[in-house]
Amino acid sequence: MTRIGNGGEQDLVRDIQRGDRVAMKLLYCRYAGCLTAVCSRYVACMDDVRDVLQDCFVKIFTSIHGFEWRGEGSLRGWMVRIVVNESLKFLKRNRQLESLDDGWDVPDTVEDEPDAEDIPSEVLQEMICRLPAGYRAVFNLYVFEKKSHKEIAAMLNIKESTSASQLHRAKAVLAKEVQRYKAQVNGR
């Protein structure tokens, strides 16, 4: 039986694998916020985020018997991979990744990447969320998930050069947004 509190991942997984519904609820309560944040990096509309997350938790609970605990943090990592993959499937299903070159006005070169350290993380997250779906997916996979262009290309069924181009364009759009934000904050 699950003990409410600071039980470790291994105990939580074991209890869920035994069918303990309290443990399932605890897992949901413990990780829903984190997984929502991951999903919302890819999926822009909050209604869609909730739908994707529901599918993710169904997949988590139906697949947990195949999960192999590899140390503290492995459960979270496994669930994040599920959320990323399900988010990408959602984008593909809804044809949001179909055209990765959608004509955004982006310079070919980014002068100097602006310093974004003094910008609140919520503002940066909003900027990332406003990127077109393709740019956002490549940016998130490269920056947050630490995927290579080869891995991204395989995941999104695109060429490596397209992945690199999309990352460059995403950074250029974000650089413009950061400059615009700083000018607004500084009253220029």
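Derivation of every value follows stated rules applied to the coordinates shown; laboratory data play no part. Quantities reported herein were computed from a predicted structural model and do not represent experimental measurements. Note that each Cβ is placed from the backbone with ideal geometry, even for glycine, and that neighbours are counted across all protein chains shown.
Here the chain is treated with +1 on each Lys and Arg Cβ and -1 on each Asp and Glu Cβ, and its dipole about the Cα centre works out to around 640 debye.
In the chain, the calculated helix contribution to ellipticity at 222 nm averages -21500 deg cm²/dmol per residue, counting -39,500 (n - 2.57) for every DSSP H run with n ≥ 4. Working note: Debye formula, equal point scatterers on the alpha-carbon atoms of region 9-93, no solvent; log10 I(q)/I(0) at q = 0.16, 0.17 Å⁻¹ is -0.58, -0.65. Remark: for residue pairs Lys59/Lys171; Lys25/Lys150; Lys92/Lys147; Lys147/Lys176; Lys25/Lys147; Lys25/Lys159, the C-alpha separation exceeds 29 Å in Lys59/Lys171; Lys25/Lys150; Lys25/Lys147; Lys25/Lys159. Relative to the dominant Cα principal axis of the chain, helix 46-63 is inclined by about 40°. Computed over region 121-185, the range of Cα coordinates on each principal axis works out to 40, 18, 16 Å, biggest value leading. Over region 9-55, the Kirkwood radius and the radius of gyration, each from Cα atoms, give a ratio Rg/Rh of 1.08. With the charge dipole of the chain set up from +1 on Lys and Arg Cβ and -1 on Asp and Glu Cβ about the Cα centre, the Cα lying farthest toward the positive end among the listed residues Gln166, Ala137, Trp78 is that of Trp78. Taken over the Cα atoms of the chain, the convex hull encloses 145 Å³ per residue. When each of the peptides 75-87, 53-65 is scored by the mean number of other C-beta atoms lying within 10 Å of its residues, the order from highest to lowest reads 75-87, 53-65. Normalising the average separation of contacting C-alpha pairs (under 8 angstrom, six or more residues apart) by the number of residues puts the relative contact order of the chain at 21 percent.
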